[in-house]
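Undergrad: The structure is given below, and queries will be raised subsequently.
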Amino acid sequence: MRYSAGSIKLLKRAKVRNVTVVKLFTVLHTPPYKEQFTSRRPVLHRGADMAGKGRGVASFTFNIDALGIGRGNMPEARVGPSPLFPRTEFKPVPLKGGEEEDYMLALKQELRGAMQRLPHNIKDRSNKAEVEKYTERYLKQLELNSEDWTPDWNLFPKELMPQSKKRRIKKATTTKNVKKLKEDKANLLSKLDELAKKDENPEKSDDETEKKAEEDEEIEEEEMDEEDIEEVNDYIDSYFDNGEDFAADSDDNMDGEATY
Amino acid sequence: MHRGTASGLEARSATEKMTAQEVRLCGLLLQEHFGEVVEKVGRNLLKSGTQNLRAIVHETGLSVDLVKKCLCVLLQHGACSFIQGRKGPGSPTEYRAHCDRLLRILRYPRYIYTAKALYGETGEIIIEELLQRGHMTMSSTVKTVADRLTQSMEEGSSMDYGEVSTIFSKLVETHFLQRCPPAAGATGGSQTAALTPAAPASSAAPTPESFPDCYTVPQVKLIGRGKRPLASEDGEDQRNAKRAKMDPETHGDEGIYWQVNFERFHQHFRDQTIISAVANKLDQTSGEIVRTMLRMSEVTTSSTASCTKPLSANEIFRSLPATSNIPRHILDQYLTLLVDDPMEFVGKAGESGGGMFIVNLNRALANLARATLESIVQERFGSRSARIFRLLLRKRHLEQKQVEDFAMIPAKEAKDMLYTLLSQNLVQLQEIPKTPDFAPSRTFYLYTVNQLPTARLLLQNCYKTVANLMERRLFEAKESKRLLEKSQRIEAILASLQASGAEPEQLTEVEEMITAPEKQQLDSLRLHVNKLDSAENQVDETIFLLESYISSATKSTS
């Protein structure tokens with residue numbers, strides 16, 4: 001029997017009182033009663049290990065019979081994630097077919113097509129740099145009414161109105177104004193703004209039909225134009241073809257820029 | 001707040017989040033109908049709740065003008081609303097997208113078909129135009145519809161504006177169309193407008209019905225006939241369009257916009273479902289009786305009522321249609337039969353006047369939803385699992401042993417099925433402890449099914465299904481994009497040739513440009529796309545039923 005350090009200390013202290021030592025000995029060194037008869041060495045009794053590890057037996061913390069599942073009825077352990085497309089044992093019921101469903105199907109497809117042609121369907125035309133496919137030209141000609149929508153501004157917040165009125169100066173008029181104001185450079189910008197506002201109102205409706213066309217393109221052109229205004233250059237500004245006619249002439253615009 | 005959420009019945013509070021499936025489905029719907037640019041903006045709004053313009057521009061990375069246009073489109077269709085000055089004067093306008101309004105797009109074909117069944121072709125085209133454009137004035141609607149109808153009529157005849165106006169008025173009388181609530185907050189950011197409360201914390205959005213003129217048809221003089229489109233060159237058409245815009249005609253109803261009243265359509269669908277359910281379960285005559293009862297209570301019952309007003313048997317007898325020759329005693333027998341039916345569609349509310357009867361709308365919806373859930377489980381997991389599911393629905397809480405006994409299924413299989421249902425979240429486990437520490441050996445474990453959460457779960461599944469169907473359809477179309485374009489071109493060429501009177505040899509020559517295997521491919525593609533589209537329509541019927549049940553159940557408990 002091995003004595004622990006603490007018990008040796010006790011022994012030393014207890015040398016004085018012989019009676020108590022004997023009692024202590026019996027208390028400290030009585031092995032658990034089970035083991036007394038089975039083995040000589042005090043084996044650390046593992047007992048029911050709560051985690052059930054290392055034994056290979058599924059053991060649980062609660063009475064498994066309450067759930068009604070016996071030890072032998074456990075489902076197999078999973079070996080990996082469930083398959084992405086599991087086999088379906090029950091195939092779905094076929095769709096209802098009939099006059100009503102066919103009519104609604106036709107309605108749905110027509111509605112989809114119609115809504116894609118309306119002006120509400122906004123297409124991102126910022127990638128004009130790519131060469132257009134020949135087919136796109138045919139499809140564009142179908143979109144006749146694509147730019148004719150103006151919402152009623154009484155119902156919508158004012159901030160959604162296109163604010164680009166100041167920049168929406170027609171190229172032809174700006175050039176005339178610029179030529180007049182060449183002498184007075186200090187008031188150039190303010191006068192431009194005033195004139196732009198005056199020009200705004202009668203041309204509002206026209207502007208709105210055009211503005212929904214290639215806006216990005218025209219912003220590019222405007223930037224180019226402003227450079228022209230600022231520099232005193234020899235280029236004939238009226239040569240520049242502004243984007244007044246929309247959609248069908250977009251190709252011509254590209255050609256126009258390429259000429260100079 | 002301008003244009004409050006759709007209505008009281010299916011409105012969502014501003015703080016309620018959209019689920020991922022709903023956002024995905026809304027994104028796909030926006031993409032299909034309004035283009036990818038609007039989809040980006042819409043998706044951003046749906047995910048982040050309320051935002052102002054600059055934040056949207058920053059997050060989507062689009063240009064300011066494009067974002068403004070997209071917001072206009074969304075506002076036009078009622079999918080978005082704006083609040084001005086929420087955090088005090090001078091704060092930017094904030095925008096919010098309405099997910100449930102976007103999900104209605106799935107149901108547009110059903111609305112149009114119902115309008116056709118009730119009001120004929122004119123009604124159908126009116127509803128179709130209004131759905132396509134969001135909201136319009138009465139005069140512009142009448143003109144557009146007349147033009148469209150004239151196009152489809154024979155040469156020489158055209159549609160009169162008066163006829164279209166009458167149908168329009170009828171639609172308004174039966175509440176299928178309603179006026180858009182007037183824009184209160186849009187005038188220069190003023191918060192002291194009479195119709196919106198000035199306090200920044202204005203949470204109650206004025207519904208369209210809160211305005212007294214909601215269903216008044218304006219006095220508009222519309223005299224004229226529909227016009228045929230000029231068969232001229234494209235350039236001319238453009239110039240004509242420009243000229244037409246230059247001289248607008250005012251008809252005295254500017255600023256009064258009409259929109260489709262979805263709630264009324266939903267009421268109609270709900271009534272139809274109940275009638276057909278009764279007719280399927282009992283017989284045609286009982287369906288007729290219930291239809292009469294519902295028709296009589298259309299005007300007296302509000303849309304949010306849980307059951308109709310009591311109707312006496314005498315009244316029902318008088319209001320039965322003349323074609324159904326139901327003698328009085330047969331009617332009484334049928335009514336007793338309906339009341340005793342376990343589906344509880346009709347209930348008895350008193351004895352006066354030969355018996356007072358009501359139609360239990362909420363109960364009927366709950367039962368129909370329950371039947372839907374049971375049928376879903378049956379089709380997915382088999383009839384024995386469905387038996388267990390029905391058992392749990394009726395008996396609420398059962399132990400494992402009791403489930404086996406009541407369902408009369410051997411223990412092992414019953415456990416297997418219960419596990420499968422549990423793993424799919426259709427069945428829940430409820431722990432009832434015997435002791436305060438939830439010691440497992442001393443707790444009861446009961447299986448249970450809750451109808452409302454299960455309905456919500458299956459509704460989300462439905463949204464996911466529709467989104468999957470749409471994605472598959474887009475994928476199929478994209479795969480065969482080249483082939484589709486080719487066939488479109490050839491059709492265009494054929495049409496132009498036929499219009500200019502070509503000979504049959506030329507036509508056959510052009511038709512042969514598509515080879516036989518390509519034709520086959522095109523046919524199978526068309527078949528697939530049609531099937532997927534039709535499936536979307538039919539899943540939407542289930543969606544409608546589950547949505548109605550959930551909204552009626554939450555409304556009655558709130």
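The values are calculated or read from the model by the stated rules, or taken from the named source; none is laboratory data. Computed from a prediction, not measured in an experiment: that's the story for all the values here. No Cβ is skipped: glycine too gets one built from the backbone with ideal geometry, and neighbour counts run over all protein chains shown.
Quick grid of which residues meet (1) within 24 Å of A:Glu159 (Cα to Cα); (2) part of a helix (DSSP H, G or I); (3) modelled with pLDDT of 85 or more; (4) assigned by the TED database to the domain that holds B:Ala115:
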{"position": "B:Lys143", "(1), (2), (3), (4)": "no, yes, yes, yes"}
{"position": "B:Ala146", "(1), (2), (3), (4)": "no, yes, yes, yes"}
{"position": "B:Gly156", "(1), (2), (3), (4)": "no, no, no, yes"}
{"position": "B:Ala198", "(1), (2), (3), (4)": "yes, no, no, no"}
{"position": "B:Pro206", "(1), (2), (3), (4)": "yes, no, no, no"}
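Undergrad: When you check B:Tyr113 against the structure, is it within 22 Å of the chain's Cα centre (by Cα), free of Cβ contacts under 8 Å to residues at least 24 places away in the same chain, assigned to a helix (DSSP H, G or I) and farther than 20 Å from A:Thr150 by Cα, yes or no?
TA: yes
Undergrad: Does at least one position in the range B:444-457 carry a residue that is in contact with a Lys or Arg (Cβ under 9 Å, 6 or more places away or on another chain) and within 12 Å of another protein chain (Cβ to nearest Cβ)?
TA: Looking through the range B:444-457, at least one residue is in contact with a Lys or Arg (Cβ under 9 Å, 6 or more places away or on another chain) and within 12 Å of another protein chain (Cβ to nearest Cβ).
Undergrad: What number of residues in the range B:53-85 are within 15 Å of A:Phe156 (Cβ to Cβ) and either aromatic (Phe, Trp, Tyr) or not in a helix (DSSP H, G or I) (or both)?
TA: Final tally of qualifying residues: 8.
Undergrad: Same structure again: Is one or more of the residues making up the range B:61-79 away from every other protein chain (no Cβ under 12 Å), within 22 Å of B:Met18 (Cβ to Cβ) and either out of contact with any Phe, Trp or Tyr (no Cβ under 8 Å at 6 or more places or on another chain) or of a type in the set (Phe, Trp, Tyr) (or both)?
TA: Step one: list which residues in the range B:61-79 are away from every other protein chain (no Cβ under 12 Å), which gives none.
The answer is no, given that none of the residues of the range B:61-79 is away from every other protein chain (no Cβ under 12 Å), within 22 Å of B:Met18 (Cβ to Cβ) and either out of contact with any Phe, Trp or Tyr (no Cβ under 8 Å at 6 or more places or on another chain) or of a type in the set (Phe, Trp, Tyr) (or both).
Undergrad: Test of understanding: among B:Phe406, B:Phe389, which residue is under 28 Å from A:Arg78 (Cα atoms), among the aromatic types (Phe, Trp, Tyr) and either touching a strand residue (DSSP E or B) at 6+ places or on another chain (Cβ under 6 Å) or in a helix (DSSP H, G or I) (or both)? Full working, then the answer.
TA: Values: B:Phe406 fails: under 28 Å from A:Arg78 (Cα atoms).
Of the residues listed, the single one that is under 28 Å from A:Arg78 (Cα atoms), among the aromatic types (Phe, Trp, Tyr) and either touching a strand residue (DSSP E or B) at 6+ places or on another chain (Cβ under 6 Å) or in a helix (DSSP H, G or I) (or both) is B:Phe389.
Undergrad: List pairs: first in the range B:487-516 and of a type in the set (Ser, Thr, Tyr), second part of a helix (DSSP H, G or I), Cβ under 9 Å, 6+ apart or cross-chain?
TA: Here the result reads B:Ser487/B:Glu518; B:Ser487/B:Lys519; B:Ser487/B:Leu522, each pair linking the range B:487-516 to a residue that is part of a helix (DSSP H, G or I).
Undergrad: Consider the range B:42-72. How many of its residues are without any contact (Cβ under 8 Å) to a residue 40 or more places away in the chain, surrounded by 17 or more Cβ atoms within 10 Å (Cβ to Cβ) and of a type in the set (A, V, I, L, M, F, W, C)?
TA: Total satisfying the criteria: 8.
Undergrad: While we're on this one: May I ask you to say which residue of B:Ala477, B:Ala386, B:Ala414 is within 14 Å of chain A (Cβ to nearest Cβ) and either more than 35 Å from the chain's Cα centre (by Cα) or of a type in the set (Val, Ile, Thr) (or both)?
TA: Numbers: B:Ala477 fails: either more than 35 Å from the chain's Cα centre (by Cα) or of a type in the set (Val, Ile, Thr) (or both); B:Ala386 fails: either more than 35 Å from the chain's Cα centre (by Cα) or of a type in the set (Val, Ile, Thr) (or both).
B:Ala414 is the lone residue from the list that is within 14 Å of chain A (Cβ to nearest Cβ) and either more than 35 Å from the chain's Cα centre (by Cα) or of a type in the set (Val, Ile, Thr) (or both).
Undergrad: Let me ask something additional. Please state which one of B:Asn468, B:Asn425 is among the polar types (S, T, N, Q) and not in a helix (DSSP H, G or I).
TA: On the way: B:Asn468 fails: not in a helix (DSSP H, G or I).
After ruling out the rest, the residue left standing is B:Asn425.
Undergrad: Sticking with this structure for a sec: Does B:Asn367 count as outside any loop (DSSP other than H, G, I, E, B), at pLDDT 90 or above and either under 32 Å from the mean Cα position of the chain (by Cα) or not assigned by the TED database to the domain that holds B:Ala117 (or both)? First the steps, then the outcome.
TA: Details: outside any loop (DSSP other than H, G, I, E, B): yes; at pLDDT 90 or above: yes; either under 32 Å from the mean Cα position of the chain (by Cα) or not assigned by the TED database to the domain that holds B:Ala117 (or both): yes.
Yes: the conditions hold for B:Asn367.
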